[in-house]
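Here's the structure we're looking at; comments come further down.
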Amino acid sequence: MIRPDEIKMSAEESGKWGMVIDQDLCTGCQACVAACSMENNVPFVGDAFSPSNGEVDINYGRSLHWIRIERFWEGEYPEVKMTPHQPMMCQQCGEAPCEPVCPAFATVHSEAEQLNLMVYNRCIGTRYCGNNCPYQVRSFNWRDYERPEPLPNQLNPDVTVRRRGVMEKCTFCIQRIHKAQDAAKAEGREVADGEFTTACAQACPANAIVFGRIDNPESLVSQLAHQGHGVKHLEELGTQPHVTYFKGG
Amino acid sequence: MTESKVVDILAVFADIGPAADALDQLRAMGIHDECMNVISGVPVTEAMLGRPAQHTNVPRIALGGALLGFSAGAFLAFGVPYMYPYPIQVGRQAPISGPPSVIILFELTMLIMLLSTFLGVFLDSMFPNYRPMKYVTEVSDGKIAILIECPHVEEKKLTDALKKMGAESVEPAEAQHL
Amino acid sequence: MSDNKHKAEHSHEEHLREKHLMLDPLPRGRMNEMVMESMMEPPTWKFWAIIVVLAGIVAYGLVYTWAKVIAEGLYLAGINRPSYWGVFIVNTVFWIGISHAGTFISAILRVFKAEFRRPFTRAAELMTTFGLIQAGMSIFMHIGRVWLGLYWLMPYPNQRMMWPNLHSPLAWDVLAITTYVLGSTMYLFLPLIPDLAMARDRTTGWRKILYKTLALGFRGTEGEWAHLRNAMNIFAFAIIPVMFSVHTIVSWDFAAATRPGWSSTIFGPYFVVGALHSGMGAVIIVLAIIRSTMKHMKYFIRPEHFDAIGKLMLIISMAWAYFFFNDYIVQWYGGDKWTQILLHYHEAGPYGWMWFAMLIVNVAVPWAVLWNQKWRSNPLIVSIVGFLINIGMWFERFIIVPVTLTINRAPFTWQQYEPGAEMPMGIGTMAFFILLYMLSSKLIPLIPVWEVEEGQMAHEFKKFGRETVVSVSELE
């Protein structure tokens, strides 16, 4: 039962963690993609091919990146213009379409962090969440990917290694959030703005990605987000995404 | 008249008409409806034979099943969301949301109702039953058999009467393995 | 003069008798014999050859390929991002659709006392049960971790006290399909009991043991019939809403999602009608094959039955066209950017030929053929139409699932879908269906003899003035 006064049109009012991405700063260097894969034990699809059409998996929509750099072209040939690079990852929707469709509660909303959680152990791989994600930022483990030596030594012990048959997606580096919270709690204080950040934001050489508390008006991320010309992707669907994009500012 | 012996006879008739007439005459002879049973290969209704309506619990059991199913659905829809130590939120839907609850209530009501209807047939007919029973295989060829199990009647007299009523065969009924 | 008239009347009666099974009664014993003979006729080498071929396809498609997919992962199939669902789901919807015909014939036609249903209710109901087995398998083929799928989807808590998410259309599906599988199997079994008892009385050896066990000790006493009649009545009424709910809920898997082309409010009835469309086509194929291959079946299944189902097919085809047009035009007028792109992709994309073929075989062909009573009474012609409709309905589901999934609101991910291991596995389900049907035709009396006899008892000629007409009494 939702009363009219409970309907919130923008995510800031409900969210906790958020991100701002300035597409004008993004150079498309893919450092965030690499950093994310390192941090989150995302396997390398490599040159595995899809038997159904002999196409390399990565060209057949089977990449496993949690973040990707999208590029588009505008206009008709020969007047073609490339649009700014668009890093795309899970938007951590406040009202996520992927959540209610999972029959196994494998993707649920975190009350504490206001994030969209993915519980690998409960995932049975119906892939309904992937279908229902308007941003198409969920990836499926089509197989058990090889991790040749010495790559296993690089695995992040804070993140589960997924097996074949489960969905996965960007978590806003929830392991880093927890680590920072634990450290702050041990010292009896709040987590300070900028004390930690996500792997992608950390790796971005152009500082195009800023991460932090959007419920704190003092934080860098909420000040940036309130600049005015930010957009949220597919906001018209009512998904209440927590990532704000800037372009042509 | 021997008091101790129960006369046990199975008479086979070719059609509904003669069988119904025979039942009337048997009743006139003082044989109670409860001592007779009709076995047929098609559903011959009690009204066609002029017999008292059969008591069946199937609709009641089905109704019971429907109520049970509705309660099971209500438990799933309204009880389960409160069994978690913390609320599980999906897509900011209320833990108890109307439309899905309707679906769950409907499906579980129907499921358990259908299961208990099926079970009802088993309970009422005492299926499965592999003990020897009084039966003639002509029944599944469309004949109608009247099974009389009655004390206080002379066997000879009854047999003759049944033959006169048009029975194709009148034999002492013996329980046999089907 | 009057003699001629008498003759003409007589031949009119003869004509009706020839046409309608219900007016052409045989003694029950003879019908039992015919059904038993058709069932126990020793199979020819051709029968065994087909069985061996089908078993081979099942072994390759269902056993080997599926085992490989489970062991190595779903990369063997053609699904990708954004087409996370592919031919597995197409086949699921297809088989559930096929299964709807059985319930339609044995429940709706029973409730409305359509007498022509009598000889083939069982053949259709058997299709329902076997079709649902294939549908269930197709769902599990598509699940990423199938070894957890079944028991994590059933509504009971796991070891961490988590219940399934009953907000999910897939959880509704589990409940609906479970209800439907159990319901239709019980509904297949109840009217079968008297025929199993009949078979028990006429067999020896292992068959005797089988039928004796399955007939549960049924004799046909008044009480047994009363309980059975009551139960069948309850089933006939109750299984109709269950049938509608199943395919409606299947359609909600799509309609409840936020996808252009899926989020359509008319999907429920559209899917139900589509299910009946393919189901009727499948029933008619099955009946044509039974009639031409099994002994004595020409007596039980006659051109009148193809005529009757042909009429239903024509009406359902019109209803399907109506729903398709409704779905299409509303989305098109809606003018949503993504939907516009999607609809264009449907018609002009690489699978556009499917879209046009679907309209031709689902609408144009049935309308062109089935209006003619002579054509629709011909088993060969109607079963060809039925076959084409089934292909068309498979195309329809293919367009709704992977083709629609190709276009989404994230153009960066657009990727055409090409089926992989789905195809051998899908063909495996088809082979398994035919295999089950062929084997069961040797084990289960396909004609409900007691129902046919009951119908023949109810039919008689009646004179209205000079005309002889058919009159049906209500026995139940």
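The values are calculated or read from the model by the stated rules, or taken from the named source; none is laboratory data. No experiment lies behind these values; they were computed from the predicted model shown. Using ideal geometry, Cβ is built from the backbone for each residue, glycine included, and neighbour counts are taken over all protein chains shown.
Brief remarks on what is shown
- Any hit, region A:52-59, residues being more than 11 Å from chain C (Cβ to nearest Cβ), surrounded by 13 or more Cβ atoms within 10 Å (Cβ to Cβ) and not aromatic (Phe, Trp, Tyr): yes
- Exactly one residue among B:168, B:138, B:154 is charged (D, E, K, R), within 18 Å of residue C:218 (Cα to Cα) and in the same structural domain as residue B:49 (by TED's automatic domain parsing), and that residue is B:138.
- Set B:64, B:17: member being modelled with pLDDT under 90 and more than 9 Å from chain C (Cβ to nearest Cβ): B:17
- Those helices (runs of 4 or more DSSP H) lying entirely in region C:100-194 with at least 1 residues more than 12 Å from chain A (Cβ to nearest Cβ) and at pLDDT 90 or above: C:121-142, C:169-189
- When C:438, C:393, C:425 are checked against the criterion of being over 22 Å from residue C:358 (Cβ atoms) and away from every other protein chain (no Cβ under 14 Å), C:438 stands alone in meeting it.
- Taking region A:161-189 as the range and being in contact with a helix residue (DSSP H, G or I) (Cβ under 6 Å, 6 or more places away or on another chain) and farther than 20 Å from residue A:33 by Cβ as the test, only A:166 passes.
- Residues (under 27 Å from residue C:241 (Cα atoms) and free of Cβ contacts under 8 Å to residues at least 24 places away in the same chain) located in region B:96-133: B:96, B:97, B:98, B:99, B:100, B:102, B:103, B:118, B:122
- Taking the numbered list (1) part of a strand (DSSP E or B); (2) within 14 Å of another protein chain (Cβ to nearest Cβ) in turn, residue C:470 passes all entries but (2).
- Summed over region A:125-179, the residues that are away from chain C (no Cβ under 11 Å) and more than 19 Å from the chain's Cα centre (by Cα) give a count of 11.
- Boolean, residue A:155 is touching a residue at least 24 places away in the same chain (Cβ under 8 Å), aliphatic (A, V, I, L, M), under 29 Å from residue A:60 (Cβ atoms) and touching a strand residue (DSSP E or B) at 6+ places or on another chain (Cβ under 8 Å): no
- Looking at C:112, C:120, just one residue is touching a residue at least 60 places away in the same chain (Cβ under 8 Å) and among the aromatic types (Phe, Trp, Tyr), and that residue is C:120.
- Test: residue in region C:213-224 that is in contact (Cβ under 8 Å) with a residue 40 or more places away in the chain and surrounded by fewer than 22 Cβ atoms within 10 Å (Cβ to Cβ): no
- Among residues of region B:120-157, those that are more than 11 Å from chain C (Cβ to nearest Cβ) and in contact with a strand residue (DSSP E or B) (Cβ under 6 Å, 6 or more places away or on another chain), counted: 5
- Residue C:42 vs. criteria over 30 Å from residue A:129 (Cβ atoms) and either in contact with a Cys (Cβ under 6 Å, 6 or more places away or on another chain) or more than 14 Å from chain B (Cβ to nearest Cβ) (or both): yes
- Note on region C:236-274: residues that are farther than 18 Å from residue C:396 by Cβ, touching a Leu at 6+ places or on another chain (Cβ under 9 Å) and not in a helix (DSSP H, G or I) amount to 1.
- Residues in region B:10-38 that are β-branched (Val, Ile, Thr) and not in a loop (DSSP other than H, G, I, E, B) were compared, and the one that is surrounded by the most Cβ atoms within 10 Å (Cβ to Cβ) is B:38.
- Residues that are within 20 Å of the chain's Cα centre (by Cα), in a helix (DSSP H, G or I) and of a type outside the set (Gly, Ala, Ser) do occur in region C:213-235.
- The residues listed here are B:69, B:41; of these, the one that is modelled with pLDDT under 95, under 25 Å from residue C:236 (Cβ atoms), surrounded by 22 or more Cβ atoms within 10 Å (Cβ to Cβ) and not β-branched (Val, Ile, Thr) is B:41.
- Residue in region C:445-458 that is in contact with a strand residue (DSSP E or B) (Cβ under 6 Å, 6 or more places away or on another chain) and surrounded by 14 or more Cβ atoms within 10 Å (Cβ to Cβ) present: yes
- Any hit, region B:45-59, residues being at pLDDT below 90, in a strand (DSSP E or B), of a type in the set (A, V, I, L, M, F, W, C) and in contact with a strand residue (DSSP E or B) (Cβ under 8 Å, 6 or more places away or on another chain): no
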